[in-house]
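Before any comments, here is the structure.
The values are calculated or read from the model by the stated rules, or taken from the named source; none is laboratory data. This is a predicted model, so every value here is computed, not measured. Don't worry about glycine lacking a Cβ; one is built from the backbone with ideal geometry, like all the others, and counts go over all protein chains shown. Ligands, DNA and RNA are excluded from the accessible area calculation, which covers all protein heavy atoms including side chains. Shrake-Rupley method; radii C 1.70, N 1.55, O 1.52, S 1.80 Å.
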Amino acid sequence: MQIPAGLTRILMKKIQRLEMDGISKSFHGIPANKDIHLSVASGEILGLLGENGAGKTTLMNILYGLYQPDAGQIRINGMPVQLTTPLDSILHGIGMVHQHFMLIQNHSVIENIALAYKDTPFFFPKIKLREKIQQFSRQFDFTIDLNKKIWQLSAGEQQRVEIIKALLNGADLLILDEPTSVLTPKEIEELITILRRMKQDGHCVIFISHKLDEIMTICDRVTVLQKGRIVGGADTRKTDKKTLARMMVGREVVFNINREALTRGNPVLRASRIHVTGDMGLPAIKGISFDLYENEIFGIAGVAGNGQRELAEAITGIRKIDKGQVIINGKNITNLSPRKIYDHGISHVPEERIRFGIAPGLFLYDNAILKQHHLKKFSRGHFLRYRYIKDHTRDLVTQFNVSTPSIDSQIRNLSGGNIQKLILGREISEHPQLLVASHPTYGLDVGATEFLRQHLLRLRSQGSSILLFSEDLEEIFELCDRIGVLFAGEFMGIFDSDDDRLCDIGLMMAGSKRF
Amino acid sequence: MEEIIISTLQRTLVAGTPLLLATTGEIICERSGILNLGVEGVMALGAVTAFIVTMTTGSPWLGVLAALIAGMVISIIHAVASVTLQANQVVSGLALTMLGLGLSGMVGKSYVGKPLTIKMEDVTIPFLSDIPFIGKAVFSQSPFFFLAVALALGAWFLLERTRLGIQIRSTGENPKATETQGVNVFLIRYLSVIIGGGFSALAGAHLSISYSKSWIEGMTAGRGWIAIALTIFALWNPGRAIWAAFLFGGIFVVQYLMQPLGISPNFLAMLPYIATLLILLLISLKDPRKLNAPAMLSTPYKRGER
């Protein structure tokens, strides 16, 4: 029997137990979740562990009413419920903090909360809600200026706004999707304190992560997802990281790949005291300098939003450099057009591959020469030489192991990993002097990640220089010869990868230590 | 001299009234994220509907009501195309303009050139209208003027001081985030488009039954397009729209003042449109981030996309 959301809420005071039973969901014929069973009880923090693309977020979006399951049932306190919209879920006491915050950037904190709160009065909502929110913030020790615009807040503060939104709506069950991915270590500590307090108050928490350490410290129980299926579960007190890692990946994880020792060659690029402005008109890069050498991977570590994107765009010519110089092989390339910079031997694997790396509606062979179409071998005057272009594309597809039905497919139909392989192939096919790679393996499965990393290392041994931006510290330590830690547009230090001082990398990323 | 100032001011306010109505409507619509380029067409339809109904029934207020309904109904076409079917909003809006202009021309054919004898009484606000100079000009006006100002202030109040306003603005900024808060963004967008259409039709009604008291095909003369430019000029704020609209009303009136100076009337007739181009030029020099344009303006929202 189905009971309307509002009514069940009156019948049941608080979520004591929530069960998902046999949930399946597929998108365009590709299964994202298959026959999932899980349950969470009041006063418990359940970890949902899995790699990117394992189906964690899809599962939670089903619970939050954003997607409808193809099969299966959700029960609250033993009673089946139908969650067809987010409002249904909110009324049932389910709250969610999405990985990409669901906040209106141009609106103030109070406007965002007024939008979310289910009992916001029609007239003068901002004035009438203020007192209630302030009282609530005191209870949880939140201090946030309610008049500030969301874009003026740090990631940690934005997350707290999201948590206030959920709790104010009376959420008994809070879902947190990769909550620590944008936080500094100090902000993570604060989040853990909040979660512990919620647990004491009898809330249920579902904590999604692919980071083993966090799951082990924060959660009581953990359920492991792999390729949309549940592959295991455990009490965190009775298991260890290694067992969980094996469950998550489905095989023994090799935590180290081979980086052959190479002596670095000649300097390739020299950036001196460059200043770059961010999207909001504020300084994003504040006068940093560095050199890049042949046979070397230079890694930039840091929490997202500390100037990584602006730096990558400045070097590749997409963003204006306000002050300072970039010199490659003695030639000043500061503020040249992206095409000229590419012709000087700088390639770019951009972040957000689908937005910036490809033209999704074009065919594979078009995308394979997005940057090289002007070369003699691919065009004569205004006409493209499709025969050569297609031959070249076939070479790339074989060489970089791109799995596609044909090179005449639209590239949007390929998976993220295959798109990224083609982009990397395109960018390094002309043997660049320098490759700027922004988050090259973000969101890819283990196989594709390993493949891409191997290719980066091969490029390094062929004499190129690589500037690697990554939020994945494991990747940074695995691949890089030197590491720079970026915080608020400045280097907290630049180190060789075997430098002992790197054990403080967490503090440096939070800006509280500088060498 | 005094006579000229008063009459100029009065005519400025009259000329600015339809601009204010249409701009206010377009602001509400665009704040929800839907660009409606159909203003000109809906305005024309409103003008002809108001004229015919007023002429046949003898009641201008019935004419206004009929125009309002006609404008709201025809705007549903744009709402269906842009919200439900997620079509290109520029194309759909242009189609609405062409439809509105064509339809109004056809329906109004037999009414062209007929004078409207039924008058709408001016509203005179006691005491305030006794203020020397401006009193008579500002506070003794056609009811449309007061309606336009009141609706603009009301729209500001709606957008800035009510829950629905937050929902409309949030929908224009980030429909996905808004939907996850349990708001029906499709409903919000439908509502905004339809309200906007009603405002455009009111503007048209003012033109035919109050301003010129006659109907002729194409009498809207590009005012709908000016309203779209004013929406940007007003930075999507109905409060600013008030003075922006009357500033342009002034430019319409200036042509008549300058005619005795021997300037070609054809050139003078171009003034409002030249001014429109100028303000669009000026505003594009401004930092686009400070323009405050709704972030998802003219982007269709698809539900359940990954």
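Using only protein heavy atoms and a 1.4 Å probe, how much accessible area in total is buried between A and B, to the nearest 100 Å²?
2500
Counting only protein heavy atoms and a 1.4 Å probe, tell me what percentage of the protein assembly as shown's accessible area is made up of carbon and sulfur. Please list the in-between numbers first.
Values: 20690 of 35800 Å².
Accessible surface attributable to carbon and sulfur in the protein assembly as shown totals 58 percent.
To the nearest 0.05, what FRET efficiency results for A:Ile318 and A:Lys242 with a Förster distance of 45 Å applied to their C-beta separation? Mind showing how you got there, number by number?
Values: r = 42 Å, r/R0 = 0.94.
Calculated value: 0.60.
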- Task: Scan chain A and report its longest stretch carrying no trypsin sites (Lys or Arg not before Pro) that are both in a DSSP loop and have at most 10 other Cβ atoms within 10 Å.
- Result: A:14-250
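In the protein assembly as shown, what percentage of the DSSP-assigned beta bridges are antiparallel, given to the nearest 5?
The answer is about 60 percent antiparallel.
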- Message: Just to make sure I understand: if all protein chains stay in place, what is the order of A:Ser403, A:Ser289 by accessible area at 1.4 Å, largest first?
- Response: A:Ser403, A:Ser289
- Rounded if a/c is under 1.5, else prolate if a/b beats b/c, else oblate: with a ≥ b ≥ c from the C-alpha gyration tensor eigenvalues square-rooted, which is segment B:195-306? oblate
- Item | For A:Gly299, residues with placed amide H under 5 Å, excluding near neighbours | A:Leu468, A:Asp481, A:Arg482, A:Ile483, A:Gly484
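With a 1.4 Å probe and all protein chains left in place, how much accessible area per residue does segment A:5-249 have, in Å²? Please report the intermediate quantities before stating the final value.
On the way: 10010 Å² over 245 residues.
Computed with neighbouring chains in place, this is 41 Å² per residue.
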- Item | Karplus 3J(HN,Hα) series, Hz, for segment A:498-515 with 6.51 cos²θ - 1.76 cosθ + 1.60 (x for Gly, Pro) | 9, 5, 5, 4, 5, 5, 9, 4, x, 5, 5, 5, 8, x, 9, 8, 9, 9
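Can you sort A:His431, B:His78, A:His392 by 1.4 Å-probe accessible area, starting with the largest?
Numbers: A:His431 135, B:His78 0, A:His392 30 Å².
Listed by decreasing accessible area, they come as A:His431, A:His392, B:His78.
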- How high is the FRET efficiency between B:Phe157 and B:Ile263 when r is their beta carbon distance and R₀ equals 60 Å, given to the nearest 0.05? 0.90
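State whether segment B:80-154 is rounded, prolate or oblate according to the following rule on the C-alpha gyration tensor (a ≥ b ≥ c being the square roots of its eigenvalues): a/c under 1.5 gives rounded; otherwise a/b larger than b/c gives prolate, and the remaining case gives oblate.
Numbers: a/c = 4.31, a/b = 1.72, b/c = 2.51.
Oblate, since a/c reaches 1.5 and b/c is not below a/b.
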- For peptide B:164-171, compute the average count of partner chain beta-carbon atoms within 10 Å of each residue's beta-carbon. 5
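What 222 nm value per residue comes from the helices of chain B, counting each DSSP H run with n ≥ 4 as -39,500 (n - 2.57) and dividing by all residues, nearest 500 deg cm²/dmol?
Values: 12 runs with 205 residues, N = 306.
Computed ellipticity for chain B at 222 nm equals -22500 deg cm²/dmol.
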- Message: Using a Gaussian network model on chain B with a 10 Å cutoff between Cα atoms, which of B:Ala67, B:Ala152, B:Ala177 fluctuates the most?
- Response: B:Ala177
- segment A:94-151: which chymotrypsin sites (Phe, Trp or Tyr not before Pro) are DSSP loop and have at most 13 other beta-carbon atoms within 10 angstrom? A:Phe122
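Can you bin segment B:173-238 into rounded, prolate or oblate? Criterion: square roots of the alpha carbon gyration tensor eigenvalues sorted a ≥ b ≥ c, rounded for a/c under 1.5, prolate for a/b above b/c, oblate for the rest. Numbers along the way, then the final one.
Values: a/c = 3.87, a/b = 2.29, b/c = 1.69.
Prolate, since a/c reaches 1.5 and a/b exceeds b/c.
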- How far apart, in nm, are two points set 7 Å out from the Cα along the Cα-to-Cβ line at B:Glu121 and at B:Leu94? 4.8
- Message: Using Cα springs under 10 Å in a Gaussian network model of chain B, which residue among B:Pro294, B:Pro115, B:Pro60 shows the largest mean-square fluctuation?
- Response: B:Pro115
- So the angle from the long Cα axis of helix B:89-107 to the longest Cα principal axis of chain B, reported in degrees to the nearest 10, equals 40
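Can you compute the helix-only [θ] at 222 nm over chain A? Use -39500 (n - 2.57) per DSSP H run of at least 4 residues, normalise by all residues, nearest 500 deg cm²/dmol. Display every interim value, and only then the final one.
Working: 17 runs with 164 residues, N = 515.
About -9000 deg cm²/dmol.
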- Note on the structure: The answer for trypsin sites (Lys or Arg not before Pro) in segment B:246-292 that fall in a DSSP coil and have at most 13 neighbouring Cβ atoms within 10 Å is B:Lys286
- Scalar couplings 3J(HN,Hα) for segment B:231-247 by Karplus 6.51 cos²θ - 1.76 cosθ + 1.60 (θ = phi - 60°), nearest whole Hz, x for Gly and Pro, are 4, 5, 4, 7, 6, 6, 10, x, x, 5, 4, 4, 6, 4, 5, 6, 4
- Excluding ligands, DNA and RNA, what is the solvent-accessible area per residue of segment A:310-385 at a probe of 1.4 Å, expressed in Å²? 52
- Item | 3J(HN,Hα) from dihedral phi, segment B:212-224, Karplus parametrisation 6.51/-1.76/1.60, rounded to Hz, x for glycine, proline | 10, 6, 7, 10, 9, 4, x, 6, 5, 6, x, 5, x
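Taking the Cβ-Cβ separation of A:Ser26 and A:Arg501 as r and a Förster radius of 41 Å, what is the calculated FRET efficiency to the nearest 0.05?
Working: r = 48 Å, r/R0 = 1.18.
So the FRET efficiency works out to roughly 0.25.
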- Take every DSSP beta bridge whose two residues both sit in segment A:267-509, then give the antiparallel share in percent to the nearest 5. 60
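So what is the accessible area of chain B per residue, in Å², with the probe set to 1.4 Å?
43
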- Message: Using 0.36 nm times the number of residues separating A:His373 and A:Asn147, minus their current alpha carbon distance, what extension gain do you get?
- Response: 76.3 nm
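Are there chymotrypsin sites (Phe, Trp or Tyr not before Pro) in segment B:79-183 that DSSP marks as loop and that have at most 14 other Cβ atoms within 10 Å, and which are they?
On the way: sites: B:Tyr111, B:Phe127, B:Phe133, B:Phe139, B:Phe144, B:Phe145, B:Phe146, B:Trp156, B:Phe157; in loops: B:Phe127, B:Phe133.
Passing sites in segment B:79-183 are B:Phe127, B:Phe133.
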